[in-house]
Every structure is written in C-alpha cells, then in structure tokens.
Amino acid sequence: MKLVVKFGGTSLATVKDIKNVVKTVDKIAKKNKTVVVCSAVDGTTDELIQISLLVEKGNKKDANRMLAKISQKHKQFADHLITNPKISKSLSSKLNSDLSELEELVNGLILLGEVTPRSYDYLISFGEKLSIDLVSFSLQELKNKSMPLSGKEAGIVTDSNFGDSRPLMDTTKIRLSKTINEHLNKNLIPVVAGFAGADQHDHTTTFGRGGSDYTATIIASCIDADEIWLMSDVEGMMTADPKLIKNAKLLKQVSYSEAIEMARFGAKQIHPRTFEPLLSKKIPMRIRSSFDVNNQGTLVTLPHSKSKDPVKCVAAIRKVGLLDLTGGILFAGPGAAAKIFSVLSKNDINAMMVSSNPSESSITIVVKKEDLHRAENVLEINLLGTTLKKIETIPNVAIIAVIGSGMRGKVGIASRVFLAAQKSNSNVMMIAQGSSELNLAFVVKDNDCKAVVTSLHNEFKLNTIK
Ligand SMILES: Nc1ncnc2c1ncn2[C@@H]1O[C@H](COP(=O)(O)OP(=O)(O)O)[C@@H](O)[C@H]1O
Ligand SMILES: N[C@@H](CC(=O)OP(=O)(O)O)C(=O)O
C-alpha cells in the first residue's frame, strides 16, 4: 500500500519519542511504500515566533538566546539519537548547515529591526527543516535508505499569500509526484518537512498553524496514496479534548464532513483545510496514536449509513474575543454589514463567527484574541458615529460547538444544548448554526468552557458512544 504518515510535534517532543517514531516508521515501511511528513519538535515553532517578536522589539540579546536554545536542543537530540559515527557526522554537517542558515537569517532580521510576512514565513519554517534531519538520519541508522526534503525540495508550490498560503495543485502534482515517486521506486523513505512550501519565486511560504496536516494530505492527493495516517499524542479523534474531559471516548469512524466541522472548531487542532485535497479522490484517513500502534484510531471516510448518534463531539475554540456592535444612524441603510466586514478584511482581521440581530440593529463578531484590540480601533476610526453607535469588546471568550451529522433535521437538539449550558451555570453570549446543521455553536466566557463542555458531554452521553 502507498502510505503517507504524518507525525505531529507532540510525537517528536523528546529523544525517546523520536526513537519511537523511527521504530514505527521502520516497521511500517517494511510492508508499505511510505512517505513520512514531520512537524517541528514540540515547542520549536513557538520559539521561532518568539524570536520574531524579540527582533521586532529590538531585543537582540534574548533573540540570540532563543536561537542558541533551539540550536542546542537539536544538536543534543542528534547526539543521543545516532551512534554510527559515519551517520552521526553526516547528520551533524546537515544540521550545522541548516542552523547556520537560520543564524544568518536572524542576524539579518536583527540588523533590519523588522520582520515582513515573507521573512516571518521563512523564519518559522525552520522547525520542520531541523526535525526532518533528526528523523531521516535516525531511519538511516536502522539501515533504511532515507532522505530529508523541505516542502520546496519535495515540490510543493504555493501562491504568495504568506502565513496562509494555498498549494497550486496542478504544478505541485507534476513536481511532487515526480520527486516522491522517484524516491519510493528506489525504496527510499522521503521524510518531508510539513507546514511549508515555496511560491513560484522560490520564497518559502507557510500554510498557517497546524499546517503539517495539510502538507500530508497535499502529498497523499498528488501521489494517489491508498491511505493517510495522522499520528499524534492522542488515540484518535475523541468526543472532546481528552485534556479537558477525562472520560472522552475515541470515535472509531467519522465522515469527511464531520471531520471538517471538527477541525473548523478546533478539535484535535487539525488544520482547517486538511481534508480538501482528499475529497475528490476519497482517500481514507486514519487519525492514530504514535505511541499505541495496535490501536486503529479514527477512520475518516465516506459515511456508510445515517448516524444514530445526533452529536459526536463537543469542540471548543478558546482564547477568542467578542465584538458587540450597535448600529448608528446609517445602520438601517443597505450595505452596513458590508462596510464593517470590508474594514475588518482590509486590516487582515478574520471574523470567525458572526450573528446579527435585526430588531436591535446589532452585529456580534468573534475574532482571534490578538486581533480584538486592533479590530476595535479600526472600526472606531472608520465607522463610529456613522454606521456604528457603540462598540463593545469582551476578551477571553470561547466558542463551543456540538458537532454530528445525526443532528440534521432532528427536533429538540438546541433545547438540550442550551439546557446543558444552563445546568453548568454559564451565560450564552451568542449563538450560530451552519445551514448544513452539522454544528450548533455558541459563545461563553472562557472561564466557563470546561463546565459547559462537561455538561454537554454528559447530556449527550458521549462517554458511551460506540
Ligand atoms: N476532539 C479531540 N480529539 C482528540 N484530541 C483533541 C480533541 N480536541 C482537542 N484535542 C487536543 O489536540 C491535541 C493534539 O493536537 P496537536 O497538539 O496539534 O497534535 P500534533 O502535534 O500531533 O499535531 C491533543 O493533545 C488533544 O489535547
Ligand atoms: N509546527 C507547525 C505545524 C504543525 O502542524 O504543527 P503540529 O503538527 O505539531 O500541530 C505549528 O506548530 O503550527
């Protein structure tokens, strides 16, 4: 079978974890033509983001300290992973070359004192560049032929939308299938860096946080893989975040449309566009544990029959902010909403959830917490006193979503949802339901998140789901 196997950062956190990943790949690759996709070693992308913030603040000393930390961590990992002197020397030389490139980049950014979207993507792509070196050379130590490839080297070509790029699928398919199939035909295991590709000018681009999932599905689609596996620190897709709900249960099977909804609402932190490349070819996906390979995890595929469970998952997007906008004298006229969203979009602020109330001429919008203050400012400058009468903000809210295809057309779900929220003593601040009826989402204070998710999990008896 032709297989794409992606390991997330949580599976690459320690030397022991990486050894475990490599052992698993060694076993899988004996029976299957295998392409490996890796995220960065756990925490590295956050550290690279930290460097960019320090550069912008002109804090050269701490930026260099963070750089040294990343460099030391990867060199230490390499020392502990490899015993064969020849392989150790090759890994060391490859790591040194990648780390020098990173150092040169950071020094350049420090000199300029600014980080453009293009240089930001180049900077934060380094976590994956370094992790693939560790994994690929460790596979060589177990006598496999293997090669680390950046997204660019593998052939992933994207548009130039830095930070949120999309693959140019036709060009990518031609380049990537040639490179990867050549490697597979030589019985070589390609280890591809997730999260990033390059635009047509060869500038590194990233897909946005969590983007290694997307890299894996792009590759699976381009090489016509038989299956794709996302390996993580959890058993699979669960009825709720197991870190929040202790008795969350593994979902053995979900449909593509349910998985898309779950990803959109933050379940398993899957990149929202992950499933797009799989849909036309209907490539089955398994979400599995890196640490328990006997567990088959969750199968994401076409639905076999109508689900009897109305709700399958309670997901939460935490740390978001809410804008409550009350209409002014021009609100009643046509185009008020268009003006609001045009101001937000010109300032690169994404409205994550929207609900409007015609009788009170008000619109409520959820944005990322880090965008809240800026959203308030730009709306104040552009629309206060004309289209808008009042702008209120509430930081620290959470979007809660109940998800499941069995909700479609079923009477009484909403009342059970809001009764459960009421039982947890939480105030519902905003409500929205997609026309697909696959989800029902609402907003509560972030402090109430755990209580509401627990109450909903109990209400729909998700701990007994089959
Ligand atoms: N419904 C859910 N099912 C499984 N995991 C979930 C769910 N909701 C949130 N999570 C969280 O997602 C985490 C895995 O996502 P992430 O850290 O991005 O993994 P990786 O590094 O493997 O890509 C888990 O540790 C778990 O706490
Ligand atoms: N390293 C990137 C991409 C990624 O997908 O990571 P993970 O698979 O660990 O969520 C990030 O942190 O966003």
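The values are calculated or read from the model by the stated rules, or taken from the named source; none is laboratory data. As the structure is a prediction and not an experimental result, all values here were calculated from the model. Neighbour counts are summed over all protein chains in view; Cβ atoms, including those assigned to glycine, are modelled from backbone coordinates with ideal geometry. These area figures cover heavy atoms from the full protein model, side chains too; ligands, DNA and RNA do not enter into them. Shrake-Rupley method; radii C 1.70, N 1.55, O 1.52, S 1.80 Å.
Within the set of pairs 6 or more residues apart or between chains, which connect a residue that is touching a residue at least 60 places away in the same chain (Cβ under 8 Å) inside region 368-385 to a residue that is open to solvent by less than 90 Å² (accessible area, probe 1.4 Å) with Cβ atoms less than 8 Å apart?
Final answer for the pair search is none.
Looking only at residues in region 50-78 that are among the charged types (D, E, K, R) and under 25 Å from Leu91 (Cα atoms), which one is farthest from ligand 1 (Cβ to nearest atom)?
So, considering only residues that are among the charged types (D, E, K, R) and under 25 Å from Leu91 (Cα atoms), the one farthest from ligand 1 (Cβ to nearest atom) is Arg65.
Taking region 108-126 as the region of interest, how many residues are open to solvent by 90 Å² or more (accessible area, probe 1.4 Å) and either touching a Lys or Arg at 6+ places or on another chain (Cβ under 9 Å) or among the aliphatic types (A, V, I, L, M) (or both)?
So the count comes out to 2.
Looking at Lys61, is it farther than 17 Å from Leu130 by Cβ and modelled with pLDDT of 95 or more?
Answer is yes for this residue.
Residues of region 392-406 being closer than 11 Å to Leu440 by Cβ and among the small types (Gly, Ala, Ser), which ones?
Ala401, Gly404
Here are some residues: Asp309, Asp292. Which one is closer than 19 Å to Glu261 by Cβ and either within 10 Å of ligand 1 (Cβ to nearest atom) or not hydrophobic (A, V, I, L, M, F, W, C) (or both)?
After applying the criteria, what remains is Asp309.
Does Ile394 satisfy being over 30 Å from Phe162 (Cα atoms) and within 28 Å of the chain's Cα centre (by Cα)?
Here the answer is no, as Ile394 does not meet what is asked.
Looking only at residues that are out of contact with any helix residue (DSSP H, G or I) (no Cβ under 8 Å at 6 or more places or on another chain) and under 20 Å from Ile18 (Cβ atoms) in region 116-156, which one is nearest to ligand 1 (Cβ to nearest atom)?
Filtering region 116-156 for residues that are out of contact with any helix residue (DSSP H, G or I) (no Cβ under 8 Å at 6 or more places or on another chain) and under 20 Å from Ile18 (Cβ atoms), the one nearest to ligand 1 (Cβ to nearest atom) comes out as Ile132.
Find the residue count for region 200-225, including only residues that are among the aliphatic types (A, V, I, L, M) and touching a helix residue (DSSP H, G or I) at 6+ places or on another chain (Cβ under 6 Å).
2
In this structure, does Thr205 turn out to be open to solvent by less than 10 Å² (accessible area, probe 1.4 Å), farther than 18 Å from Lys6 by Cβ, modelled with pLDDT of 95 or more and within 14 Å of ligand 2 (Cβ to nearest atom)?
yes
Select from region 34-49 the residues that are within 14 Å of ligand 1 (Cβ to nearest atom), surrounded by fewer than 22 Cβ atoms within 10 Å (Cβ to Cβ), in contact (Cβ under 8 Å) with a residue 24 or more places away in the chain and on the phi < 0 side of the Ramachandran plot and list them in ascending order.
The one that is within 14 Å of ligand 1 (Cβ to nearest atom), surrounded by fewer than 22 Cβ atoms within 10 Å (Cβ to Cβ), in contact (Cβ under 8 Å) with a residue 24 or more places away in the chain and on the phi < 0 side of the Ramachandran plot: Asp42.
Checking the condition within 17 Å of Thr204 (Cβ to Cβ), assigned by TED's automatic domain parsing to the domain that holds Val55 and crowded, with 17+ Cβ neighbours inside 10 Å, which residue from Leu99, Leu105 passes?
Leu99
Is there any pair linking a residue in region 217-244 that is without any contact (Cβ under 8 Å) to a residue 24 or more places away in the chain to one that is more than 15 Å from ligand 2 (Cβ to nearest atom), with Cβ under 9 Å and at least six apart or on different chains, and which?
Note: pairs meeting the criteria are Pro242/Glu235; Pro242/Ala248.
Taking region 205-244, which residues are out of contact with any His (no Cβ under 8 Å at 6 or more places or on another chain), among the hydrophobic types (A, V, I, L, M, F, W, C) and within 8 Å of ligand 1 (Cβ to nearest atom)?
Matches in region 205-244: Leu230, Met231, Val234, Met237, Met238, Leu244.
When you scan region 192-280 for helices (runs of 4 or more DSSP H) that lie fully inside it, which ones turn up with 3 or more residues that are closer than 19 Å to Pro303 by Cβ?
It comes to 256-264, 276-279.
Mind telling me which of the residues Ile431, Ile400 ends up being assigned by TED's automatic domain parsing to the domain that holds Arg318, under 27 Å from Tyr256 (Cα atoms) and in contact with a Ser or Thr (Cβ under 8 Å, 6 or more places away or on another chain)?
Step by step, each of Ile431, Ile400 is checked, and only Ile431 is assigned by TED's automatic domain parsing to the domain that holds Arg318, under 27 Å from Tyr256 (Cα atoms) and in contact with a Ser or Thr (Cβ under 8 Å, 6 or more places away or on another chain).
Out of the residues in region 423-462 that are of a type in the set (S, T, N, Q) and at pLDDT 95 or above, state the one that is surrounded by the fewest Cβ atoms within 10 Å (Cβ to Cβ).
Selected residue: Asn447.
Using the structure shown, decide if Lys31 is of a type in the set (Lys, Arg), in contact (Cβ under 8 Å) with a residue 12 or more places away in the chain and surrounded by fewer than 16 Cβ atoms within 10 Å (Cβ to Cβ).
Answer is yes for this residue.
Being in the same structural domain as Gly211 (by TED's automatic domain parsing) and away from ligand 2 (no atom under 16 Å from the Cβ), is that true of even one residue in region 9-16?
Yes.
Hey, can you tell me all the residues within region 11-28 that are within 15 Å of ligand 1 (Cβ to nearest atom), in a helix (DSSP H, G or I) and surrounded by fewer than 18 Cβ atoms within 10 Å (Cβ to Cβ)?
If the condition is that a residue be within 15 Å of ligand 1 (Cβ to nearest atom), in a helix (DSSP H, G or I) and surrounded by fewer than 18 Cβ atoms within 10 Å (Cβ to Cβ), then Asn20 is the only one that fits.
Looking at Asp164 and the list (1) closer than 20 Å to Leu3 by Cα; (2) under 24 Å from the mean Cα position of the chain (by Cα); (3) open to solvent by 50 Å² or more (accessible area, probe 1.4 Å); (4) not basic (Lys, Arg), which single condition is not satisfied?
(1)
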